[in-house]
Amino acid sequence: MKNKFAGWLLLLKNRSERNDIGEMSFFDHLGVLRKHLIRSAVAILVFTAWAFSYYDFIFDDIILAPKKESFFTYRMMCRLSEYFHWGDGYCVKEIKFNIINTEMAGQFTLQLNSSVIVGIILGFPYLLFELWLFIRPALTQREKKSTSGFVFYASLLFMLGILFGYYVIAPYSIRFLIGFQISEVIQNQITIDSYLSSIVTLSLGTGIIFEMPIVVLVLSELGLLTPELMRSSRRHAIVIMLIIAAIVTPTPDVQTMLIVFCPLMILYEVSIIVAARSWKRIRQARQ
């Protein structure tokens, strides 16, 4: 009996030693990843419950805000148009369209879906933190040092992208699409699902696009992307970014497209700097 108990102790000791040095099986890694994802899901559920509880504020003051003439972006553009003498074309004085619900459970589904979206946005930094805790043990000392601050900068860029999409791209897209009319016979009756999906798609899409420097950093650390390649492809990248800006902003004026293009161009140049620093550290490590 003693020999059997000692054998179990030795087996547990060997397993702990293997885990300490990182020799884990594929299923062991899946088990660890599962724990990180569960904690992230719990955090998102907490933020979702908070959003569900304070839904009046979220719906009236956040979701429906771009529909109101008093929205921050519209007021700022009125002031800028007056200051630079751009004319009344950039000053939004009224936005007229009706939002309707066409399903019996539509409003409850709206509250639930939008609360989940708010929970995901607010819980995104913690999700990145859990993923970083999962990946970090597999990195070398140089990689850990070069990717320090990953969670902070990735979260910051994501939130900046969300704000840019919400305060710049979404209101101008709404203004153009609502004002576009091919016939006076057709009246705009916008469903709440269509309105919400437009706001969420533009905001989340911009948040993901703003992660460009982080993606470039990862690809550079893996040796798949070099700053020389990015510099030589700058002209092609400018064309692609102009196309993205034209698609994201369906407004016909060039000024609005440039408002979207300029941050993308800045992100591209920052990504080149990030790639150059990454490759500099890689060359120093190889010497």
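Details
- Scan the range 101-159 for residues that are over 22 Å from ILE38 (Cα atoms) and touching a Leu at 6+ places or on another chain (Cβ under 6 Å) and the total you get is 0.
- If only residues of the range 72-115 that are among the aromatic types (Phe, Trp, Tyr) and closer than 16 Å to TYR195 by Cα are counted, the one that is nearest to the chain's Cα centre (by Cα) is PHE108.
- Residue selection: LEU131 satisfies the criterion of being within 30 Å of GLN284 (Cβ to Cβ), modelled with pLDDT of 80 or more and aliphatic (A, V, I, L, M).
- All conditions but one from (1) out of contact with any helix residue (DSSP H, G or I) (no Cβ under 6 Å at 6 or more places or on another chain); (2) farther than 28 Å from LEU122 by Cα; (3) in a helix (DSSP H, G or I) apply to TRP86; the one that does not is (3).
- The set of residues in the range 61-104 being exposed (fewer than 10 other Cβ atoms within 10 Å of the Cβ) and acidic (Asp, Glu) consists of GLU94 alone.
- Residue match in the range 153-169 (condition: of a type in the set (S, T, N, Q) and in contact (Cβ under 8 Å) with a residue 12 or more places away in the chain): yes
- Unique residue being surrounded by 12 or more Cβ atoms within 10 Å (Cβ to Cβ), part of a loop (DSSP other than H, G, I, E, B) and at pLDDT 85 or above when the list is LEU219, LEU225: LEU225
- Among the candidates SER173, SER146, residue that is among the hydroxyl-bearing types (Ser, Thr, Tyr), touching a residue at least 60 places away in the same chain (Cβ under 8 Å) and more than 26 Å from VAL118 (Cβ to Cβ): SER146
- Only one of the listed residues (ILE199, ILE273) is surrounded by fewer than 16 Cβ atoms within 10 Å (Cβ to Cβ), in contact with a Pro (Cβ under 9 Å, 6 or more places away or on another chain) and at pLDDT 85 or above. That residue is ILE273.
- Any hit, the range 235-244, residues being buried (at least 19 other Cβ atoms within 10 Å of the Cβ) and within 27 Å of VAL118 (Cα to Cα): no
- When we screen MET241, MET230 for residues that are modelled with pLDDT of 90 or more, closer than 24 Å to SER278 by Cβ and in a helix (DSSP H, G or I), the only hit is MET230.
- Residue match in the range 42-57 (condition: in a helix (DSSP H, G or I), among the acidic types (Asp, Glu) and surrounded by fewer than 19 Cβ atoms within 10 Å (Cβ to Cβ)): yes
- Top-ranked residue of the range 227-255 - restricted to ones that are hydroxyl-bearing (Ser, Thr, Tyr) and over 21 Å from the mean Cα position of the chain (by Cα), ranked as nearest to VAL215 (Cα to Cα): SER233
The values are calculated or read from the model by the stated rules, or taken from the named source; none is laboratory data. The shown structure was predicted, so the numbers you read here are calculated from the model rather than taken from an experiment. Reconstructed Cβ throughout: ideal geometry from the backbone, glycine too, with neighbour counts over all protein chains shown.
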